[in-house]
Amino acid sequence: MTDYKYEYVVNTVKDKILNGLYKPGNKIPSIQTLAKEMALNADTVIRAYKQLETEHWIYAVAKSGYYVVKSIAIEDEKSSIIDMLTTNPANEINPYKDFHHCMEKAISLYEQKLFSYSPPKGMPELTNILEKHMTTYQIFTKEQNIFITSGAQQALFILALMAFPHDHNTILVEQPTYNVMMNIININKIPVHGIQRTASGIDLSELERIFSQNKIKFFYTMPRFQNPTGFSYTIKQKKEILRLAKKYGVYIVEDDYLADLEINSKNDPLASFDVDNIVIYVRSFSKTLLPGLRLGMAIIPEKLQERFIEMKSSMDINSSVHSQGALEIYLRSNMYYSHVKRTKIFYERRMDALKRACKNELRDLANCFVPPTGIFAYIELNNTTAESLTAKLEKNGLKVWNTAPAYIKSFRCSEGIRLCICKTDIPSIDHAVQIIKRTLDSSFK
């Protein structure tokens, strides 16, 4: 009964915000006032307000009370559109309060450094803790090999443009691949080659042929939870990719953006098997922490470090000192690991719901790939185009992403859509799959 009363308070306050009775910036009734009005225990209202604060409907002001905020979550609930397009982390699990504490602590702890430049390579305090942190992923590197960037995107941009020792200039990418990487390649007119990636992996014989017949600068890959498909390589496939890269003198850029969501403790990254210093390991803290943090890291082989830092220094003198300091404090505490644990459970449950719904509703209509965790699932279409389906789905109340921009223009594009679970709860996931089913059914008639 207590849970029912607490949920009733949460829903009542939400309804009043959505209906405009409590407007952004307005102070809402105090705990004691609302408890009296609703004939409830004050502890029940406290619990409800804490939940509303966690979900960013309200915020607390010391010695004043609670006020309404205008948040993405509130705006989304006003809309009937289900968003499986947006890739920002879910508001419910963003560690705003914990990280706010770390930001404040960083101001006091690194007060002098905030008003001066830090090394372009990154704050030593952060690279030091990252050296220890990476052992969690079975990557045993030295602090001097770790470089802090303004998001993983900056690291990818630098790597795409900088010269490599062997003077090769063609980048090999999976098809489909991360659309931001495609944008970097296209804007800078970098020679590019593609290799098809499916749920089963890539054709390793084809990979060897490409390595042997082309001057490949590096192979850009997302070995696990690939964007846009959610596909992952097996350990055996990773080791064979690494063997071929060594044989033909090709570097590998491993984008491990969702390392924190891995639920198989034995599924180590490519970099963990690299004894020849040919893997460039890149990751960010955007998808599982805070997108606005704009901090990434790259583990750079010694032969490439001088050129990498020269290019980074030409783009910015240093990445945000404040953000670096806050991340160092967050990593050094137990807060990061507690957040990762919650995040894993959050996405695993939603992906499980999506897998069940797709299996029940879409098995005869499309080929669905839903991984056990991660944030992306992929639907390959049989009898309709992704462009047409995406437009119809939006008219029917569902936003998804057509994967066409994730392909090289000359590469034969599979008709597919990406589903992102970041901004959906389980009922919305079920509803979304129903919309896909109805839309596909009507397309076939």
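The values are calculated or read from the model by the stated rules, or taken from the named source; none is laboratory data. All of these numbers come straight from a predicted model, not from anything done at the bench. No Cβ is skipped: glycine too gets one built from the backbone with ideal geometry, and neighbour counts run over all protein chains shown. Ligands, DNA and RNA are stripped out before the accessible areas are found, and what is left, the full protein with its side chains, is counted by its heavy atoms. Shrake-Rupley method; radii C 1.70, N 1.55, O 1.52, S 1.80 Å.
So, of the residues in segment 351-399 that are surrounded by fewer than 21 Cβ atoms within 10 Å (Cβ to Cβ), in contact with a Leu (Cβ under 8 Å, 6 or more places away or on another chain) and assigned to a loop (DSSP other than H, G, I, E, B), which turns out to be modelled with the highest pLDDT?
Checking each candidate, the answer is Leu362.
Would you check which residues across segment 311-343 are open to solvent by 40 Å² or more (accessible area, probe 1.4 Å) and either in a helix (DSSP H, G or I) or touching a Leu at 6+ places or on another chain (Cβ under 8 Å) (or both) and list them?
Taking segment 311-343 first, the residues open to solvent by 40 Å² or more (accessible area, probe 1.4 Å) are 311, 313-315, 317, 320, 322, 332, 334-335, 337-338, 341-342.
Answer for segment 311-343, where residues must be open to solvent by 40 Å² or more (accessible area, probe 1.4 Å) and either in a helix (DSSP H, G or I) or touching a Leu at 6+ places or on another chain (Cβ under 8 Å) (or both): Met311, Ser313, Ser314, Met315, Ser320, His322, Arg332, Met335, Tyr337, Ser338, Lys341, Arg342.
What's the number of the condition Asn186 fails, among (1) open to solvent by 50 Å² or more (accessible area, probe 1.4 Å); (2) out of contact with any Lys or Arg (no Cβ under 9 Å at 6 or more places or on another chain); (3) under 17 Å from Ile408 (Cα atoms)?
Of (1) open to solvent by 50 Å² or more (accessible area, probe 1.4 Å); (2) out of contact with any Lys or Arg (no Cβ under 9 Å at 6 or more places or on another chain); (3) under 17 Å from Ile408 (Cα atoms), only one is false for Asn186: (2).
Could you tell me whether Glu348 is closer than 24 Å to Thr234 by Cβ, in contact (Cβ under 8 Å) with a residue 60 or more places away in the chain and surrounded by fewer than 17 Cβ atoms within 10 Å (Cβ to Cβ)? It would help to see each step written out before you state the result.
On the way: closer than 24 Å to Thr234 by Cβ: yes; in contact (Cβ under 8 Å) with a residue 60 or more places away in the chain: yes; surrounded by fewer than 17 Cβ atoms within 10 Å (Cβ to Cβ): yes.
Yes: the conditions hold for Glu348.
Identify, please: which residue in segment 189-201 is under 23 Å from the mean Cα position of the chain (by Cα) and at negative phi and is, among those, least open to solvent (accessible area, probe 1.4 Å)? Spell out how you get there, then give the answer.
Kept after step one, since they are under 23 Å from the mean Cα position of the chain (by Cα), are these residues of segment 189-201: 196-201.
If we keep only those that are at negative phi too, we end up with 196-200.
On the way: Gln196: 93, Arg197: 9, Thr198: 53, Ala199: 55, Ser200: 95 Å².
Restricting to residues being under 23 Å from the mean Cα position of the chain (by Cα) and at negative phi, the top hit is Arg197.
Which of the residues that make up segment 408-427 are among the hydroxyl-bearing types (Ser, Thr, Tyr) and more than 20 Å from the chain's Cα centre (by Cα)?
Kept after step one, since they are among the hydroxyl-bearing types (Ser, Thr, Tyr), are these residues of segment 408-427: 410, 414, 424.
Scanning segment 408-427 gives Ser410, Ser414.
Considering only segment 400-412, state which residues are assigned to a helix (DSSP H, G or I) and open to solvent by less than 60 Å² (accessible area, probe 1.4 Å). Spell out how you get there, then give the answer.
Our first condition is that a residue be assigned to a helix (DSSP H, G or I); within segment 400-412, this holds for 404-406.
Passing the criteria: Ala404, Ala406.
Take Arg209 and tell me if it is open to solvent by 40 Å² or more (accessible area, probe 1.4 Å) and either within 17 Å of the chain's Cα centre (by Cα) or over 24 Å from Glu131 (Cβ atoms) (or both).
The answer is yes for Arg209.
With respect to Met123, determine if the residue is open to solvent by less than 40 Å² (accessible area, probe 1.4 Å) and at pLDDT 95 or above. I'd like the intermediate steps shown before the answer.
Numbers: open to solvent by less than 40 Å² (accessible area, probe 1.4 Å): yes; at pLDDT 95 or above: no.
So Met123 fails the test.
Across segment 285-300, which residue is farthest from the chain's Cα centre (by Cα) among those that are closer than 22 Å to Pro124 by Cβ and open to solvent by 10 Å² or more (accessible area, probe 1.4 Å)?
Let us first name the residues in segment 285-300 that are closer than 22 Å to Pro124 by Cβ, namely 285, 289, 293-300.
Those left that are additionally open to solvent by 10 Å² or more (accessible area, probe 1.4 Å): 293-294, 299.
Working: Leu293: 13, Arg294: 12, Ile299: 19 Å.
Filtering segment 285-300 for residues that are closer than 22 Å to Pro124 by Cβ and open to solvent by 10 Å² or more (accessible area, probe 1.4 Å), the one farthest from the chain's Cα centre (by Cα) comes out as Ile299.
Pick from segment 246-264 the residues that are open to solvent by less than 40 Å² (accessible area, probe 1.4 Å) and aromatic (Phe, Trp, Tyr): which of them is nearest to Ile300 (Cα to Cα)?
If we take residues in segment 246-264 being open to solvent by less than 40 Å² (accessible area, probe 1.4 Å) and aromatic (Phe, Trp, Tyr), then Tyr251 is nearest to Ile300 (Cα to Cα).
Considering only segment 1-33, state which residues are more than 14 Å from Tyr59 (Cα to Cα), in a helix (DSSP H, G or I) and either open to solvent by 40 Å² or more (accessible area, probe 1.4 Å) or modelled with pLDDT of 90 or more (or both).
Answer for segment 1-33, where residues must be more than 14 Å from Tyr59 (Cα to Cα), in a helix (DSSP H, G or I) and either open to solvent by 40 Å² or more (accessible area, probe 1.4 Å) or modelled with pLDDT of 90 or more (or both): Thr2, Asp3, Tyr4, Lys5, Glu7, Tyr8, Asn11, Asp15, Lys16, Leu18, Gln32, Thr33.
Looking only at segment 129-149, how many residues end up being of a type in the set (Val, Ile, Thr) and open to solvent by 50 Å² or more (accessible area, probe 1.4 Å)? Talk me through it step by step, then tell me what you get.
Kept after step one, since they are of a type in the set (Val, Ile, Thr), are these residues of segment 129-149: 129, 135-136, 139, 141, 146, 148-149.
Subsequent filtering for residues that are open to solvent by 50 Å² or more (accessible area, probe 1.4 Å) retains 135-136.
So the answer is 2.
For residues in segment 34-90 being surrounded by 15 or more Cβ atoms within 10 Å (Cβ to Cβ), of a type in the set (Gly, Ala, Ser) and closer than 30 Å to Ala391 by Cα, which is modelled with the highest pLDDT?
Ala90
From the list Leu270, Leu290, which residue is hydrophobic (A, V, I, L, M, F, W, C) and closer than 15 Å to Gly151 by Cβ?
Working: Leu270 fails: closer than 15 Å to Gly151 by Cβ.
Exactly one of Leu270, Leu290 is hydrophobic (A, V, I, L, M, F, W, C) and closer than 15 Å to Gly151 by Cβ, namely Leu290.
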